[in-house]
Amino acid sequence: MSLPLAAPRPTLILDGQSLTLESLAPLLAGVRPRLVLTQRAREAMGAARAQVEATVESGAVVYGLTTGFGRLKSVAIARGDLAALQQNLVLSHCCGVGEPMADAEVLAMLILRLNGLARGHSGVRVELVERWIELYEAGFLPLVPRQGSVGASGDLAPLAHLAAAFLGHGQAKLGGRPMAAAEALRRLGHRPLALEAKEGLALINGTEAIKAVGGLALLRAKNLVQAADAIGALSLEALLGSLTPFDPRLAELKGHAGHRRTAANFRALLAESAVLASHADCDRVQDPYCLRCIPQIHGAVKAAYEHVAAVVSGELNAVTDNPVLFPDTDEVLSAGLFHGQPLSIPLDYLGLSLCTLANVSERRIEQLVNPDLSRLPAFLTPRPGLNSGLMIAQVAAAALASENKVHAHPASVDTVPTSANQEDHVSMGMTAARKLVTIVENVERVLGIEYLCAGQAREFHRELVSGVGPRALEALLRTRVAPLGEDRFLHPDLIAAGDLVASGAVVRSAEAAIGRPLEA
């Protein structure tokens with residue numbers, strides 16, 4: 001799916017210091033933000049570029065400027081071959097495989113790479129950055145394969161494919177249509193870019209693919225930790241559960257911020273609930289853990305999200321290429337800022353944390369559909385036996401929750417030496433990011449199934465008025481899914497409920513009902 005230009009378009013300032021996770025959110029909605037390069041960034045890049053040109057002019061041997069790369073670092077390159085060196089570097093590293101990255105991911109990667117260059121420590125010409133921005137604004141979109149990065153010297157293959165499209169190689173999209181990158185440039189009236197000293201290396205060294213894929217997944221994860229509370233509140237009512245575990249005094253005794261935020265969300269969502277009040281003196285002593293321990297379970301996932309969001313947010317404005325230029329002292333430092341370990345470990349952590357949301361959601365689904373546990377009709381159908389109701393909806397949720405456990409295996413514990421053992425420890429950060437996307441998608445679907453089941457369960461308690469949050473969610477669900485009477489083709493119902501979760505509609509509806517944002 002291509003991302004059309006849409007209005008209103010927010011403006012992103014490219015200065016290497018100002019990007020936030022939230023500033024990338026429009027990409028998920030199909031909106032390309034307008035990019036503005038600051039004058040300060042132009043001056044910083046100009047100073048670094050002057051340092052590159054002076055180094056080349058002096059004939060000094062400096063890695064990345066006048067030498068080969070990786071294992072070939074000791075091979076000096078003649079001055080007349082420096083432009084060809086950079087072109088060869090980009091083309092030789094276009095070794096990505098697999099399906100193309102999503103349009104939003106490629107655009108995020110492009111924006112993040114430009115933002116890193118804007119810090120003024122990479123040595124590219126200001127004109128190169130301006131040309132990228134001009135083509136971005138014209139709707140030019142490189143096609144980048146998803147696989148091929150080990151996150152060591154950064155995301156070499158994905159970033160090389162990104163850069164190569166601007167050089168007229170590989171594939172790109174224009175107006176949503178894939179075509180040869182050279183043809184797309186021709187239609188826009190642009191000639192392929194030509195690189196100069198240091199520029200190819202600056203374009204392909206960096207962790208922007210990890211940050212793009214992981215960062216957008218993180219935005220979707222925030223929606224999930226909020227939606228889980230909203231849907232969990234609906235399930236709590238549908239199962240005639242107790243609000244006692246959400247008492248603020250218990251949160252203070254526990255001392256976990258995620259617990260406090262979760263409990264506060266539930267109290268707000270369940271305000272005015274006649275359902276919970278109706279069974280305050282029932283004979284059930286305690287709810288099962290999937291209800292009673294929601295503050296601890298959801299709260300722990302919130303803590304993980306908060307930590308990972310802080311790490312990734314800091315990385316959005318980091319310099320991640322090599323070597324790094326310091327024009328004020330005329331130094332060129334070769335280091336490892338492109339190594340993806342600072343990202344791979346937190347992304348793995350978030351992935352396994354989100355698995356917990358699916359696990360506990362599936363347990364609530366089981367409570368809803370199992371008459372031995374719920375005191376509701378079997379599988380939430382008015383005529384069980386003749387009808388199977390939502391029996392297999394729970395099976396689908398179990399399948400997704402189980403699949404997540406495979407994807408939760410950490411990528412960051414692995415390493416395969418590359419580049420003739422020069423890059424002898426790698427982060428597998430892109431693998432961690434890609435796995436996280438799959439987990440996020442599965443959790444969106446599991447929560448959608450819980451939403452479907454909880455909404456259907458409420459059909460058997462219609463005489464009792466829901467709390468403000470569940471009431472809003474019930475109304476939202478019924479705009480897309482009718483109550484289940486007789487068995488029907490259920491697939492569209494599951495997809496519709498999952499889409500309401502993934503789109504953010506569930507969270508927006510709940511927030512409108514309680515009059516404040518749900519705490520993540």
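When you check residue 174 against the structure, is it crowded, with 19+ Cβ neighbours inside 10 Å and touching a residue at least 40 places away in the same chain (Cβ under 8 Å), yes or no? Criteria not met by residue 174.
Conditions (1) open to solvent by 20 Å² or more (accessible area, probe 1.4 Å); (2) more than 18 Å from residue 473 (Cβ to Cβ), marked per residue:
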position	(1), (2)
234	no, no
250	yes, yes
256	yes, yes
263	no, yes
274	yes, no
277	yes, yes
292	yes, yes
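Residue 321 falls short on exactly one of the conditions (1) in a loop (DSSP other than H, G, I, E, B); (2) without any contact (Cβ under 8 Å) to a residue 24 or more places away in the chain, and that condition is (2). Residue 393 - would you say it is in contact with a Cys (Cβ under 7 Å, 6 or more places away or on another chain), open to solvent by less than 50 Å² (accessible area, probe 1.4 Å) and not basic (Lys, Arg)? Here the answer is yes, as residue 393 does meet what is asked. Scanning region 422-435 for residues that are open to solvent by 10 Å² or more (accessible area, probe 1.4 Å) and either free of Cβ contacts under 8 Å to residues at least 40 places away in the same chain or under 20 Å from residue 308 (Cβ atoms) (or both) yields 424, 428, 431, 434, 435.
Quick check: anything in region 257-267 closer than 30 Å to residue 26 by Cα, not in a helix (DSSP H, G or I) and not hydroxyl-bearing (Ser, Thr, Tyr)? Checking region 257-267: not a single residue is closer than 30 Å to residue 26 by Cα, not in a helix (DSSP H, G or I) and not hydroxyl-bearing (Ser, Thr, Tyr). Annotation note: Cβ proximity below 7 Å between a residue of region 208-237 that is in contact (Cβ under 8 Å) with a residue 24 or more places away in the chain and closer than 17 Å to residue 101 by Cα and a residue that is open to solvent by 10 Å² or more (accessible area, probe 1.4 Å) and β-branched (Val, Ile, Thr) (sequence gap 6+ or interchain) occurs for 213/437; 217/437.
On inspection, residue 438 passes the criterion of being surrounded by fewer than 20 Cβ atoms within 10 Å (Cβ to Cβ), free of Cβ contacts under 8 Å to residues at least 60 places away in the same chain, more than 27 Å from residue 478 (Cα to Cα) and of a type in the set (Val, Ile, Thr). Taking each residue of region 38-67 that is within 12 Å of residue 123 (Cβ to Cβ) and looking for partners that are crowded, with 17+ Cβ neighbours inside 10 Å and acidic (Asp, Glu) with beta-carbon atoms closer than 7 Å, six or more apart or interchain, yields nothing. Restricted to helices (runs of 4 or more DSSP H) entirely inside region 128-241, those with at least 3 residues that are among the aliphatic types (A, V, I, L, M) and under 29 Å from residue 421 (Cα atoms) are 156-166, 199-204, 208-238. Considering every residue within region 426-438, establish whether at least one is farther than 28 Å from residue 96 by Cα and at pLDDT 95 or above. Checked against the condition, which is being farther than 28 Å from residue 96 by Cα and at pLDDT 95 or above, region 426-438 yields no hits at all.
Of all the numbered requirements in (1) among the hydrophobic types (A, V, I, L, M, F, W, C); (2) open to solvent by 20 Å² or more (accessible area, probe 1.4 Å); (3) within 26 Å of residue 20 (Cα to Cα), residue 217 misses one, and that requirement is (2). Between 502, 520, 475, the distinction of being free of Cβ contacts under 8 Å to residues at least 40 places away in the same chain, surrounded by fewer than 24 Cβ atoms within 10 Å (Cβ to Cβ) and hydrophobic (A, V, I, L, M, F, W, C) belongs to 475 only.
Among residues of region 115-131 being surrounded by 24 or more Cβ atoms within 10 Å (Cβ to Cβ) and hydrophobic (A, V, I, L, M, F, W, C), the one that is nearest to residue 46 (Cα to Cα) is 124. Of all the numbered requirements in (1) among the hydrophobic types (A, V, I, L, M, F, W, C); (2) open to solvent by less than 10 Å² (accessible area, probe 1.4 Å); (3) in contact with a strand residue (DSSP E or B) (Cβ under 8 Å, 6 or more places away or on another chain); (4) in contact (Cβ under 8 Å) with a residue 60 or more places away in the chain, residue 150 misses one, and that requirement is (2).
When you look at residue 46, is it modelled with pLDDT under 95 and within 19 Å of residue 198 (Cβ to Cβ), yes or no? Considered against the rule, which asks whether it is modelled with pLDDT under 95 and within 19 Å of residue 198 (Cβ to Cβ), residue 46 comes out as no.
Just one residue in the set 312, 319 is farther than 21 Å from residue 407 by Cα and of a type in the set (A, V, I, L, M, F, W, C); that residue is 319.
The values are calculated or read from the model by the stated rules, or taken from the named source; none is laboratory data. These numbers come from a predicted model, not from an experiment. Please note: Cβ atoms are built from the backbone with ideal geometry, for glycine as well, and neighbour counts cover all protein chains shown. Areas reflect the complete protein model, heavy atoms only, side chains present, ligands, DNA and RNA absent. Shrake-Rupley method; radii C 1.70, N 1.55, O 1.52, S 1.80 Å.
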